[in-house]
Structure formats: C-alpha cells, structure tokens
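J.: Here it is, the structure in full.
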Amino acid sequence: MINRNIAEGVVKTRGELRRMTLEAVLEEFDGKIMGLEACKRREKYAKMLASPYSFYRGSAYLFYYDATQQYFPYHSSPERPTWIQGDLHFENFGAFRNENGALVYDVNDFDEGYLGSYLYDLLRMSVSIALVCRQLGWSREQEEECAELYIEAYYERIHDFCDGKKEPGRYQLDEDNARGPVKKLLRKLEKRRAAHFLEQVTASLQEERAFVDNEELKEPSAAERALLETAWPSYLETLQSREHAGIIKDAAIKEGSGTASIGLSRYYLLIAPEGTRDKDGSAERVLEAKEVRIPIPAYFLPYSESFWLRFSHQGERVTATQRAMHHRADPYLGYFSLDGRDFYVRERSAYKKRLKLEDIESFEDMEKTVVHMGRLTAKLHARADSDIAEGLLPYHSEEEIAGAMGPDGKAMARYLSRWASLYADQVETDYTLFQQWVRERSPG
C-alpha cells in the first residue's frame with residue numbers, strides 16, 4: 001500500500017524543483033541576457049500564455065537546458081557538428097519567392113543558426129509536431145505517428161543525398177512536387193501580386209510612397225533615421241550582387257512581431273534601385289532589418305572557436321546560415337551594425353506566408369505536411385557544408401549524420417517520437433507552472 005502522504009510530498013517537491021528551474025532559466029535569459037524591460041516581458045509572456053505550443057515557441061532556452069542534459073544514442077560527434085537551424089518548429093516553415101522568382105516552401109527563420117548535433121533540430125521539431133497534434137485534438141498515437149513520419153522522411157532523404165540519388169543543392173519544394181496543404185498554399189499565393197505587401201504597409205503621398213503610421217509601424221526619430229543612413233553603405237557591401245543596391249526612401253519601426261524576438265529592434269525599409277524615383281512603386285521593395293544576438297544553442301552546445309572567429313558579427317552569422325541552407329537565397333540578404341547592435345536584412349516578400357492550423361483539415365493533411373518538413377530539414381543539414389572550401393565544415397554533413405543515425409531508421413523514429421511525446425507532456429506541465437508564475441509576478 002502506497003503511503004499517500006509520501007507520494008504527495010514527492011510530487012510536490014518535484015513540482016517545486018521544476019518551478020525553481022523554470023523561474024531561474026526565464027530570469028537568466030529574459031532578464032539578464034536579453035535585458036527585457038518589464039513592458040517587453042509582459043508582451044512576450046502574453047503571447048506565450050496563448051497555448052502550450054506558444055509557450056514552447058518562446059522558451060527555446062528551456063528546451064536546450066533540458067535536452068542537453070539527456071542522453072540520446074543518435075548524436076553526431078562533437079568534433080563533426082552540423083550547421084543547425086537552431087530553433088526548428090512547425091511555424092518556422094513557410095512559402096516565399098526565391099531569388100529566381102520561384103514560389104517555394106522552405107524554412108524561413110535562421111536567427112538561431114549555430115554548429116551542433118543535427119539531432120537538436122530533429123528533437124525540437126518533433127516536440128512541436130506533438131504539440132500541434134494536441135492542439136488539433138488528435139490522439140497520442142497519432143502525434144507519435146506524425147513525428148515518426150517526419151523523422152523517417154528525414155532519414156530517407158539524408159541517405160538519398162549520401163547515395164547521390166538526390167542533390168541537396170538542387171532540391172526545392174514548389175507547386176510541382178508539393179502535396180496536401182503545402183500545394184494548396186503555393187497555388188493560392190500564385191494569384192497574389194508582387195505589390196501586395198508593399199501596398200499593405202505604405203501609401204502614396206504627394207506622388208511619393210511612404211510607410212503608413214499605425215499600431216505596428218512607427219516613425220523613427222531623426223537620430224535613428226540618421227543611424228540607418230550611416231549604416232546603409234556597409235550593408236550594401238555585404239550583398240552578393242550590387243545589382244540589388246538601392247537607396248532608402250523611407251523607414252519605420254516595426255513593433256509586435258515574433259515571440260522569442262520581442263525586445264529586439266526591427267525596422268522596415270522602403271528602398272528603390274539606385275538613381276530611380278519611380279512614381280508607381282513598381283521598382284520599390286520593403287526590406288526588414290532585424291536585430292540579432294548570440295544564438296540560444298550557443299549557451300548550451302560545445303564551444304566552436306573557429307565558428308566565432310569567423311562569425312563575430314551576429315548579422316553575418318544569420319546571413320551565412322541562410323545562404324548555406326538555401327541554395328537560392330534572398331538577393332537582399334545582408335547585414336550591418338547600428339549603434340553597437342548587430343542586424344541582418346532581408347526582403348519582406350509579398351509571398352511570405354506559413355500554414356495555419358485551420359489549413360490542416362485532416363490527419364492525412366498533417367502526414368503529407370510533416371513528410372515535406374522532414375525532407376526539407378534533411379536538405380538544410382546536407383547543404384550546411386556548402387562552405388567546405390573555406391574550411392568551416394571540411395567534411396560532408398550528410399555522411400556524418402547518416403553514420404550517427406545508424407542502419408535502422410524506423411527504430412530511430414520510434415525512439416525519438418516517443419521522447420517527443422514525453423517532452424510534450426513536460427511542456428504542458430511547464431506551461432501550467434508558467435501560468436502560475438506570471439500571475440504571481442503580476443497580481444491583479
């Protein structure tokens with residue numbers, strides 16, 4: 001017979017220890033490292049309170065704190081790391097137009113790019129799949145099946161790259177080879193005009209286009225505008241082709257975006273090709289300049305001296321990550337520094353859009369989607385040695401990963417999918433603790 005008092009005491013103590021861990025990690029990263037002001041913490045936590053999945057999105061540091069303390073049999077060698085995306089989850093995939101004008105579906109966020117075991121991307125993504133399945137009301141068996149499909153698709157595509165059956169530098173997911181909700185999304189976006197986003201955030205004033213002023217877009221101060229103008233030439237030097245150089249016609253402070261990135265500065269920049277002053281806006285583009293800091297995985301994964309010698313500028317790190325993982329990157333991708341802070345720049349495309357949960361109408365839709373995501377994750381990792389000539393990764397990532405995964409892909413998928421479900425349980429428990437903690441921080 002179990003002593004009920006002992007059992008309750010054990011459960012209570014474990015809960016208190018986890019609560020202390022949660023609070024310590026949040027205070028360390030959001031408080032000390034990010035230095036978020038009270039209002040920004042409230043804004044971030046309000047988004048994280050929306051659901052366990054939203055909480056998971058905004059607490060990557062807690063994931064790495066936990067995952068790096070656990071043993072997994074499928075890690076690659078610390079001496080042979082992969083260039084990882086660093087914060088892979090369901091909503092970091094989306095549609096956009098690439099440099100060649102093709103409408104594709106791929107990973108679209110590289111702020112946390114770093115060197116480490118490929119497995120951390122698979123683990124973080126698998127947990128997000130489990131949480132999305134729960135949000136859609138599906139069973140534990142179904143969430144594990146979806147995670148398995150994702151991992152098996154990854155496993156098979158990595159071996160395709162190793163065997164030469166597929167070429168990571170040529171692989172892209174477009175309307176021709178997409179299935180399910182991804183294909184529907186790409187078809188829908190084909191009807192969108194290139195000026196769609198431009199017309200959403202700007203207006204023509206006295207024959208000149210400028211950003212609108214609303215809750216999300218604010219006019220920068222004269223000092224901020226001067227800093228942007230001063231930094232602009234250094235950004236142009238980082239472009240792969242000066243053919244895309246332009247002049248700043250207007251600037252706006254962008255507020256309210258993201259979850260983990262709350263507290264980091266973000267600007268929209270309206271540009272036009274050098275020497276032109278189009279009245280109809282046809283030559284104008286909206287760029288996004290986003291502040292970035294040291295990636296969260298760097299605080300938990302093995303230190304790489306060569307990596308930091310090469311990428312001391314955080315904007316350059318993000319830019320290089322995207323270029324390494326996308327075979328046709330954004331032509332406006334570049335970086336600059338602003339008042340001691342690092343930024344990277346990318347085009348804010350009219351075609352940028354991610355799947356919404358309501359787009360996944362059936363379990364079959366989810367199956368097709370996670371298979372695509374698994375193949376794209378494999379492509380990211382296999383392309384991560386594109387700088388092999390420069391010596392950063394003097395080996396082929398896909399070969400190192402294939403060796404680490406072993407000969408039985410289904411066994412690996414079962415192992416990781418079950419861990420993902422167990423960790424999703426932990427996320428839900430942490431979410432409840434987080435709700436209590438936020439209420440206590442803000443009584444009334």
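J.: Does segment 94-111 hold any residues that are part of a strand (DSSP E or B), more than 8 Å from the chain's Cα centre (by Cα) and of a type in the set (A, V, I, L, M, F, W, C), and which are they?
T.: Scanning segment 94-111 gives Ala95, Phe96, Leu103, Val104.
J.: Continuing with this model, one more query. Do you know which of the residues in segment 301-335 that are part of a helix (DSSP H, G or I) and among the charged types (D, E, K, R) is farthest from Leu239 (Cα to Cα)?
T.: Glu305
J.: With the requirement that a residue be surrounded by 22 or more Cβ atoms within 10 Å (Cβ to Cβ), closer than 24 Å to Glu316 by Cα and either of a type in the set (S, T, N, Q) or out of contact with any strand residue (DSSP E or B) (no Cβ under 9 Å at 6 or more places or on another chain) (or both), what does segment 336-381 give you?
T.: Correct list: Ser349, Thr377, Ala378.
J.: Only one of Phe96, Phe110 is among the hydrophobic types (A, V, I, L, M, F, W, C), over 23 Å from Ser417 (Cα atoms) and surrounded by 24 or more Cβ atoms within 10 Å (Cβ to Cβ). Can you tell me which?
T.: Residue meeting the stated conditions: Phe110.
J.: Next question, about the same structure. Tell me, which helices (runs of 4 or more DSSP H) lie completely within segment 1-73 with 2 or more residues that are loosely packed, with under 11 Cβ neighbours inside 10 Å?
T.: Per the criteria, 4-26, 38-48.
J.: Within segment 112-119, identify whether any single residue is assigned to a helix (DSSP H, G or I) and outside the structural domain of Phe307 (by TED's automatic domain parsing), and answer yes or no.
T.: yes
J.: Which numbered condition trips up Gly263, out of (1) more than 24 Å from Arg42 (Cβ to Cβ); (2) assigned to a loop (DSSP other than H, G, I, E, B); (3) not hydroxyl-bearing (Ser, Thr, Tyr)?
T.: Failed condition: (1).
J.: Within segment 202-251, count every residue that is closer than 23 Å to Ala350 by Cβ, under 27 Å from the mean Cα position of the chain (by Cα) and surrounded by fewer than 13 Cβ atoms within 10 Å (Cβ to Cβ).
T.: Of the residues in segment 202-251, 3 are closer than 23 Å to Ala350 by Cβ, under 27 Å from the mean Cα position of the chain (by Cα) and surrounded by fewer than 13 Cβ atoms within 10 Å (Cβ to Cβ).
J.: With the requirement that a residue be in contact with a strand residue (DSSP E or B) (Cβ under 6 Å, 6 or more places away or on another chain) and among the aliphatic types (A, V, I, L, M), what does segment 62-101 give you?
T.: Listed by number, the residues that qualify are Ile84, Ala95.
J.: Among the candidates Tyr118, Tyr155, single out the residue that is under 23 Å from Arg317 (Cα atoms) and in contact with a helix residue (DSSP H, G or I) (Cβ under 8 Å, 6 or more places away or on another chain).
T.: That would be Tyr118, the only listed residue that is under 23 Å from Arg317 (Cα atoms) and in contact with a helix residue (DSSP H, G or I) (Cβ under 8 Å, 6 or more places away or on another chain).
J.: Additional query: Scan segment 183-240 residue by residue and report those that are of a type in the set (Val, Ile, Thr) and in contact (Cβ under 8 Å) with a residue 40 or more places away in the chain.
T.: Val201, Thr202, Thr238
J.: Tally up the residues in segment 260-292 that are modelled with pLDDT of 95 or more and surrounded by fewer than 18 Cβ atoms within 10 Å (Cβ to Cβ), please.
T.: Within segment 260-292, residues that are modelled with pLDDT of 95 or more and surrounded by fewer than 18 Cβ atoms within 10 Å (Cβ to Cβ) number 0.
J.: Here are some conditions: (1) without any contact (Cβ under 8 Å) to a residue 60 or more places away in the chain; (2) within 26 Å of Asp66 (Cα to Cα). Tyr415 meets all but one. Which one does it not meet?
T.: With (1) without any contact (Cβ under 8 Å) to a residue 60 or more places away in the chain; (2) within 26 Å of Asp66 (Cα to Cα) applied to Tyr415, the lone miss is (1).
J.: So, Arg140, is that one more than 18 Å from the chain's Cα centre (by Cα) and under 19 Å from Trp419 (Cβ atoms) or not?
T.: For Arg140, the condition - more than 18 Å from the chain's Cα centre (by Cα) and under 19 Å from Trp419 (Cβ atoms) - is met.
J.: Still on this structure, please answer the following. Determine, yes or no, whether Glu364 is under 30 Å from Arg192 (Cβ atoms), modelled with pLDDT of 95 or more, in the same structural domain as Ser128 (by TED's automatic domain parsing) and not hydrophobic (A, V, I, L, M, F, W, C).
T.: Yes, satisfied.
J.: Let me ask something additional. Quick one: Pro394 ticks every box in (1) at pLDDT below 85; (2) part of a helix (DSSP H, G or I) except a single one, so which number is it?
T.: (2)
J.: Of the residues Glu156, Glu144, Glu152, Glu148, only one is surrounded by fewer than 18 Cβ atoms within 10 Å (Cβ to Cβ) and not hydroxyl-bearing (Ser, Thr, Tyr); which?
T.: Glu156 is the lone residue from the list that is surrounded by fewer than 18 Cβ atoms within 10 Å (Cβ to Cβ) and not hydroxyl-bearing (Ser, Thr, Tyr).
J.: Say we look at segment 303-317 and pick out the residues that are touching a strand residue (DSSP E or B) at 6+ places or on another chain (Cβ under 7 Å) and either among the acidic types (Asp, Glu) or modelled with pLDDT under 95 (or both); which of these is farthest from Gly169 (Cα to Cα)?
T.: Once the filter is applied, the top-ranked residue is Ser304.
J.: With within 30 Å of Glu291 (Cα to Cα) and in contact with a Lys or Arg (Cβ under 8 Å, 6 or more places away or on another chain) as the only criterion, which of Leu333, Leu338, Leu357 stands out?
T.: Just one listed residue meets the conditions, Leu333.
The values are calculated or read from the model by the stated rules, or taken from the named source; none is laboratory data. What you are looking at is a predicted structure, and each value in this text was computed from that prediction instead of being measured. Here the Cβ is made from the backbone with ideal geometry for all residues, glycine too, and neighbour counts use every protein chain on show.
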